[in-house]
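Report on the structure given below.
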Amino acid sequence: MPDDTLLPLSLPAVWRKKVTAAFDGGRLSSDGGVLLLAGADRRLGLIETLAPLIPDRRSPAHVTHDVAAILRARIFAIACGYPDADDLDHLRQDPAFKLACGRLPESGADLASQPTVSRLENAPGLRTLLRLGRAMVDLFCRGHHRPPKAITLDIDDTLDRVHGHQQLSLFNAHYDERCFLPIHVYDAASGQCLGVILRPGKTPSGVEVRNHLRRLVRWIRTHWPDTTITIRGDSHYGRPEAMAWCDAHDVRFVFGLSGNTVLDALVETTADAVRTKRAVGDLDGVRDYAETRYAAKSWAAPQRVVARIECTRRGLDIRYVVTNLAVGSPAWLYDTLYCARGQAENLIKLHKTQLASDRTSCRSPLANQMRLILHTAAYWLVHAVRAAIPHPQPLARAEFATIRLHLIKLAVRVSETATRVRLAFAAAHPEAVLFRSLARAFHPQAP
């Protein structure tokens, strides 16, 4: 622990007894639940898969921390709420972190410091980053006992403000910020993050969207050639290049579509009926659906377009969705299939806000992409902990910040003797039974 000695402090007396406090508790940690993250990593094989893909050009004679050890400490720290590499300067001596990383809490060597971690973040090149991205998709596919019949992938971008002049950052007039707009991709069924792609702060072009989809679908189909893949996104991704590619490669899509006067004219009959019904009945709102075939000049072929038409006292509102699905009613396509993509925004919040993946403060875009991979790995670990919680438990549906508060940020006293390491958690911890069951689930071979 740090050599600096903090003076004791006095607190208000309780029942005429003096209360004093000092930072002299010994080998204590406030992150006892990091051992659950270590168990989740062991079950997934995540870090052991990623580490060999990062070239280590250091001299073996001078290496104290191998790549796997550095990754493990960095990813565990992010999952525990320490998003910056600077935090490792203190956590490298934390007994719980050392134990989770496979080192003895007292006699074992300290973990890597900030300079070592920062050098690793800046080391990978473009090919290495692509290999890391593919490795995570491979792990996702291998995590299924059998190929699913169908999967739905939600794709969306999110604002990532920058506070300097990092490469690829641009001023975006819509957000009135200098930013990145990284693309997130999630599996709709499980909420698992398949990847995050750093990109400039502008709307993606059709060619860019097509290239990202092509790479991702190719990786998935090496494992699941017969699985039906549906891509779901807002109007940013309903580009002619993306739709043409999906049609040519048997990929289903459901994209938002910006309205125009031609589309409005095609659904005017239904829209007029909705307006009339609301006005005659003096109703607060009336909703109906319509569908048509439509092709803009830049489209390769006409596509099915579904319109949600709603009239309230404030006026008429029409939202459009374009799809190559031939089945399903317009109401089902819009309300059930397309609107469900809103869950992806909640998942992005977990990734960006609760795991602080918007800390892309490196100057190099390659280093910032590496940071996004590290934060995605942390997302996987916390997601795995939550997925292991039995569904009757309220925490099975909790956000990551709640999972961290109840199961990871646990005070623990760590003592090491000649033959064992003992962890003493707070006896009054309200989730002690759940923590015990999760520890047994992640470490079934422990005596």
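Full-extension gain between GLU48 and ARG287, please, as 0.36 nm times their residue separation minus the C-alpha to C-alpha distance. Show your work: numbers first, answer last.
Values: separation 239, 0.36 × 239 = 86.04 nm, distance 5.24 nm.
That works out to 80.8 nm of additional length.
Just need log10 I(q)/I(0) for region 115-209 at q = 0.10 Å⁻¹, Debye formula, equal scatterers on the alpha-carbon atoms, no solvent, rounded to two decimals.
The Debye formula, applied to the Cα set alone, gives -0.37.
Can you pull out the trypsin sites (Lys or Arg not before Pro) in region 275-360 whose DSSP state is coil and whose Cβ has at most 15 other Cβ atoms within 10 Å? Walk me through the numbers on the way to the answer.
Values: sites: ARG275, LYS277, ARG278, ARG287, ARG293, LYS297, ARG304, ARG308, ARG313, ARG314, ARG319, ARG341, LYS349, LYS352, ARG359; in loops: LYS297, ARG313, ARG314, ARG359.
Of the trypsin sites (Lys or Arg not before Pro), the ones in loops of region 275-360 whose Cβ has at most 15 other Cβ atoms within 10 Å are LYS297, ARG313, ARG314.
Given H placed on each backbone N at 1.01 Å, which residues far from ASP157 in sequence or on other chains put an amide H within less than 5 Å of it?
Distant-sequence amide H within range of ASP157: HIS184.
Can you name the helices of the chain, as whole DSSP H runs, whose Cα span along the helix axis is 30 Å or more and whose Kyte-Doolittle mean is not below 1.6? Don't jump to the answer; show the numbers that get you there.
Working: long enough: 365-387 (32 Å, 0.53).
Qualifying helices: none.
If one computes P(r) from the Cα atoms of the chain, what percent of pairs lie at distances over 37 Å?
Working: 36838 of 99681 pairs.
Across the chain, Cα pairs with separations above 37 Å total 37 percent.
Using 0.36 nm times the number of residues separating ASP56 and PHE23, minus their current alpha carbon distance, what extension gain do you get? It would help to have the intermediate numbers written out before the result.
Values: separation 33, 0.36 × 33 = 11.88 nm, distance 3.90 nm.
My answer for the length gained is 8.0 nm.
Suppose only helical runs count, i.e. DSSP H with n ≥ 4. What mean residue ellipticity at 222 nm does that imply for the chain under -39500 (n - 2.57) per run, divided by all residues and rounded to the nearest 500 deg cm²/dmol?
Taken over the chain, the calculation gives -10500 deg cm²/dmol.
Could you compute the FRET efficiency for SER30 and SER329, with r as their C-beta to C-beta distance and R0 at 60 Å, rounded to 0.05?
Working: r = 53 Å, r/R0 = 0.88.
My answer for the efficiency is 0.70.
In whole percent, and with a 1.4 Å probe on the protein chains, what portion of the accessible area of the chain is carbon and sulfur?
Details: 11980 of 22600 Å².
Exposed carbon and sulfur together represent 53 percent of the surface.
Label-point separation (nm) for ASP272 and SER235, each offset 7 Å from Cα along Cα-to-Cβ?
Distance between the two pseudo-spin positions: 2.4 nm.
With r defined as the distance between the Cβ atoms of ASP84 and ALA296 and R0 fixed at 56 Å, what FRET efficiency is calculated, to the nearest 0.05? Please report the intermediate quantities before stating the final value.
Details: r = 46 Å, r/R0 = 0.82.
FRET efficiency, ASP84 to ALA296: 0.75.
Indicate the gyration tensor shape class of region 163-220 (rounded, prolate or oblate), computed on the Cα atoms with a ≥ b ≥ c the square roots of the eigenvalues: a/c under 1.5 is rounded; otherwise a/b larger than b/c is prolate and the rest oblate.
Working: a/c = 2.47, a/b = 1.83, b/c = 1.35.
Prolate shape, in that a/c is at least 1.5 and a/b is the bigger ratio.
Which stretch or stretches of region 183-222 have amide N atoms under 20 Å from the point lying 7 Å from GLN167's Cα along the Cα→Cβ direction?
183, 196-202
How many nm separate the modelled label positions at LEU126 and ARG214, each set 7 Å beyond the Cα in the direction of the Cβ?
Distance between label points: 1.5 nm.
Can you give me the convex hull volume of the Cα atoms of region 173-252, divided per residue and expressed in Å³?
Numbers: hull volume 8.2 nm³, N = 80.
So the per-residue Cα hull volume is 103 Å³.
In nm, to one decimal, how far is the THR64 label point from the GLN114 one, both placed 7 Å along Cα→Cβ?
Taking the two extended label points, one gets 1.6 nm.
How many lysine pairs are close in the chain, with Cα atoms under 29 Å apart and the two 8 or more places apart or on different chains?
Qualifying lysine pairs in the chain: 9.
Among 420-427, 14-21, 72-79, how do they line up from the highest to the lowest mean number of other beta-carbon atoms within 10 Å? Walk me through the intermediate numbers first.
Details: 420-427: 11.9, 14-21: 7.6, 72-79: 27.5.
The densest-packed peptide leads the list: 72-79, 420-427, 14-21.
Per residue and in Å³, how big is the convex hull formed by the alpha-carbon atoms of region 38-107?
Values: hull volume 7.2 nm³, N = 70.
Taking only Cα atoms, region 38-107 has a hull volume of 103 Å³ per residue.
State the dimensionless ratio Rg/Rh of region 191-311 (Rg: radius of gyration of Cα atoms; Rh: Kirkwood radius).
Details: Rg = 18.1 Å, Rh = 16.8 Å.
That ratio is 1.08, to two decimals.
On average, how much area does the Cα convex hull of region 309-447 cover when viewed from any direction, in nm²?
Working: hull surface 66.3 nm².
Seen from a random direction, the Cα hull of region 309-447 projects 16.6 nm² on average.
The values are calculated or read from the model by the stated rules, or taken from the named source; none is laboratory data. What you see is a predicted model, and the numbers here were worked out from it, not measured in a lab. Glycine also receives a Cβ, built like all others from the backbone with ideal geometry; neighbour counts cover every protein chain displayed. We work out accessible area using only protein heavy atoms, side chains counted, and drop any ligands, DNA or RNA first. Shrake-Rupley method; radii C 1.70, N 1.55, O 1.52, S 1.80 Å.
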